[in-house]
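Laboratory data are not the source of any read-out in this text; all were calculated from the coordinates shown. On a predicted model such as this, the values are computed, not experimentally measured, just so you know. For neighbour counting, all protein chains shown are included, and Cβ atoms are generated from backbone atoms with ideal geometry for every residue, glycine included.
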Amino acid sequence: MSYQPSELRLQREAARRRASRRSTLIAILSTVVIGTVLTIAVTGAPGFKAVRQSFFSWHYATTAFPHVLSGLWLNLRVMVIASLLSFILGLLIAVARTSHSPVLYPLRILATTYTDIFRGLPLLLVLYLVGFGIPGLGFTWLTNSAVILGTVSLILTYSAYMGEVIRAGIEAVNPAQRMAARALGLTPTQTQRHVVLPQALRKVTPALLNDLISLQKDSGLISVLGAIDAIRAAQIDASQSFNFTPYVVAGALFVSLTIPLTRFTDWLSNKQDRARVQQGQW
Amino acid sequence: MNRKKLGTAVTLAALLGSISFGISATSASAATLPTLTPGVLTIGTDDPAYTPWFDNNNPSDGKGFESAVAYAVAKQLGFPASKVKWVHASFNSVIQPGKKAFDFDINEVSITPDRAKAVDFSTGYYDVAQALITTTKSKIAKAKTIADLANAKLGASVGSTSYSTITDVIKPKTKPSVFDTNDLATAALKNGQIDGLVLDLPTAFYVAGAELSNGLIVGQFAPKAGSDQFGLVLTKGSALTKSVSAAVNALRANGTLKALATKWLASVGGAPVLK
């Protein structure tokens, strides 16, 4: 005999369907009402025409687009190089900070001081110090390129951030792992390389990607040293025409870069959560 | 009297007021002008306000060319110096849409047709030329023509027509550097990060003479047709634009603008014109 749901169960399911239909209806209705109210409120504002003209002008958007795009190319290159080098430097700092050997004590102190300083200093200040201070020293063999010095400043700041994130990852690896690896005969270096770091980095990947997104936006700050990035290109156009549309263009381009990265971060952390649930770690 | 009649009377009075204001626009008196705060003229400028346009970053002392012009315009409109209030207005707050926090802004803003779509300008109060400065150590220190600048890395500050002078007139092979302020651009010139810096001529004289120990003016650029003029900035469609323009015109006609320029920007002669 096939399964026959009870009368009570059928009633319960019908009630659930009714409730679900009702809440969908209410959701649609409230979205429409709020949407209409917002549209009327914004488009009906006395200054709407002026705001639309100065922020969403098609004419200025098309003239600014190529300039902003060529600026964005600089942002991208700076971001890729700065994120790679920040990661490597951050990894070294994290390993130094979590080391226990007494011989490495000076290195530990150095890494801690570095992190304290560059995590605390506002990026803009680092940019001024490095970008205008170093060339001011007058070494002829040293570059005075705004792009290179700006990238160095980004690396100084972001390696401190990433170092802290990676350190948290290393500390989150269960000490038993390290002991087990040592008991199996792995040297401390091998333990670090094959047991601790792989687990640590996997734990903090979403956090590191978050730093990457933030770095992507902050790459624009090097424009204070004279380099023309996407935002600066937009600013130049905006100041020529007194129209803010170029900023909106730059914003849209930045968002279109960030969204894939954000979705990837989400996907990755979801995957990890699922894996953890399956392993029964929760 | 009932409410409706009162309303009509008020409207009528306002209408009469605006008509009489329209007629007396040229000889406006402070009381009838629709300023932000009645009886007070609110003038905006950026902070810091640069020499020689202002003095000691203090717009309210009447020293420096633009401060002096602002007070002369105020006087022409019927506001004594005590009725002038200065407010800080950043570049972005000057170009934003909508009502501004000042009656007019004076901050070396060049009049262009594109900009005039977003804000109102008074007639020009100063004809400005762009100039190139450098240091004696620089490779362009001896440049005589625009062609000599082809390989130079030049800088300008953002929001200035100096930048378009580089891109439209000099057209060097290297991409120019653009800075937030003249101070940062000057620092880059001192460090040798840029070979030369384009500024408006009076600022160029000030920076080359007072801020750089080894500064020199390479030359100025012949103004384009319909030359570059500084104008006062007002809210788009401001009721004051006509009166302010009339005041500037009167000051030009009676020689005040020229006298003030001679007084505050005296040293501006004598820079060779680069071709």
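What average count of beta carbons from other chains do you get within 10 Å of the Cβ of residues in B:86-98?
Mean shielding count: 3.
Helix check for chain A. Which DSSP H runs span at least 27 Å along their own axis by Cα, with a mean Kyte-Doolittle hydropathy no less than 0.0?
On the way: long enough: A:7-43 (54 Å, 0.39); A:58-98 (56 Å, 1.27); A:146-172 (39 Å, 1.21); A:197-218 (29 Å, 0.03); A:245-279 (51 Å, -0.03).
Flagged H segments are A:7-43, A:58-98, A:146-172, A:197-218.
Find the Rg to Rh ratio for region B:149-275, where Rh is the Kirkwood radius over alpha-carbon pairs and Rg uses the same atoms.
Result: Rg/Rh = 1.02.
Rounded to the nearest 5, what is the percent of antiparallel bridges among the DSSP beta bridges in the protein assembly as shown?
Rounded to the nearest five, the antiparallel share is 55 percent.
Give the Rg/Rh ratio for region A:59-279, taking Rg as the radius of gyration of the Cα atoms and Rh as the Kirkwood radius, to two decimals.
With Rh from the inverse mean 1/r over Cα pairs, Rg/Rh is 1.07.
Rounded to whole Hz and in sequence order, give me ³J(HN,Hα) for region B:180-186 from the Karplus expression 6.51 cos²θ - 1.76 cosθ + 1.60, θ = phi - 60°, writing x for Gly and Pro.
5, 9, 4, 4, 5, 5, 5
Run the dipole for chain A about the Cα centre, Lys and Arg Cβ at +1, Asp and Glu Cβ at -1, nothing else charged, and hand back the magnitude in debye, nearest 20. Before the final figure, lay out each step's value.
Working: 25 positive and 11 negative charges, 241 e Å.
Here chain A has a charge dipole of around 1160 debye.
Need one number: nm distance between label points at A:Ser256 and A:Ser101, each 7 Å from Cα along Cα→Cβ, rounded to one decimal.
5.0 nm
Please list, short to long, the whole-number percent of alpha-carbon pairs of the protein assembly as shown in consecutive 20 angstrom bins beginning at zero.
16, 38, 28, 14, 3, 0
Build a GNM of chain A with springs between Cα atoms under 10 Å: which of A:Arg119, A:Arg97, A:Arg178 gets the top mean-square fluctuation?
For chain A, modelled as a Gaussian network with Cα springs under 10 Å, the answer is A:Arg178.
Using a Förster radius of 35 Å, what is the FRET efficiency between B:Lys137 and B:Ala222 based on their Cβ-Cβ separation? Nearest 0.05, please.
Once the sixth-power term is evaluated, E becomes 0.80.
Sticking with the crude label model, points 7 Å out along Cα→Cβ, report the distance from A:His194 to A:Arg12 in nm, one decimal please.
That separation, rounded to one decimal, is 5.4 nm.
Work out the charge dipole of chain A with +1 on the Cβ of Lys and Arg and -1 on the Cβ of Asp and Glu about the Cα centre, then indicate which of A:Ala252, A:Leu72, A:Ser54 is farthest towards its positive end.
A:Ala252
How well do other chains shield peptide B:185-198, expressed as the mean number of their Cβ atoms within 10 Å of each residue Cβ?
3
Per DSSP helix of 4 or more residues, -39500 (n - 2.57); summed, then divided by the residues of chain A. What does that give at 222 nm, rounded to the nearest 500?
Only helices count here, giving -26000 deg cm²/dmol.
Taking 7 Å along the Cα-to-C-beta vector as the label spot, tell me the B:Thr145-B:Asp168 distance in nanometres, rounded to one decimal.
2.3 nm
Could you tell me the center-to-center distance, by alpha carbons, between region B:82-113 and region A:162-236 in angstrom?
Answer, in whole Å: 46.
Relative contact order for chain B: what percent, with Cα pairs under 8 Å and sequence separation of 6 or more?
Details: 493 pairs, mean separation 67.0, N = 275.
That works out to 24 percent.
Give the calculated FRET efficiency between A:Arg52 and A:Lys217 to the nearest 0.05, with a Förster radius of 35 Å applied to their Cβ-Cβ distance.
It comes out at approximately 0.85.
Using the Cα centre as the reference, give the magnitude of the dipole from point charges on the C-beta atoms of region A:211-282 (Lys, Arg: +1; Asp, Glu: -1; all else neutral), rounded to the nearest 20 debye.
Computed charge dipole of region A:211-282: roughly 280 debye.
Could you give the length gained by full extension between A:Arg202 and A:Leu129, i.e. 0.36 nm per residue of separation minus their alpha carbon distance, to one decimal place? Please report the intermediate quantities before stating the final value.
Working: separation 73, 0.36 × 73 = 26.28 nm, distance 3.49 nm.
Full extension of this stretch gives 22.8 nm more.
In whole percent, what relative contact order does chain A give with Cα contacts below 8 Å and a gap of six or more residues?
In percent, rounded to a whole number, it is 27.
Mean-square fluctuation check for chain A, GNM, Cα pairs under 10 Å: which of A:Val173, A:Val165, A:Val130 is largest?
A:Val173
Which of B:Lys83/B:Lys258; B:Lys137/B:Lys190; B:Lys100/B:Lys236; B:Lys99/B:Lys242; B:Lys63/B:Lys263 have a Cα-Cα distance over 19 Å?
Checking Cα-Cα distances, B:Lys83/B:Lys258 exceed 19 Å.
Let's test the formula: R0 of 25 Å, r as the Cβ-Cβ distance of A:Gln177 and A:Arg274. What FRET efficiency results, to the nearest 0.05?
Efficiency at R0 = 25 Å is approximately 0.70.
For region A:50-125 and region B:136-175, what is the separation of their C-alpha centers, rounded to whole Å?
Region A:50-125 and region B:136-175 have Cα centres spaced 31 Å from each other.
Given the options A:Leu25, A:Leu221, A:Leu142, which has the most mean-square fluctuation in a GNM of chain A, springs set between C-alpha atoms less than 10 angstrom apart?
Taking springs between Cα atoms under 10 Å, the residue moving most is A:Leu25.
In whole Å, what are the extents of region A:1-132 along the principal axes defined by its C-alpha atoms, from largest to smallest?
76, 62, 27 Å, listed from the longest principal axis down.
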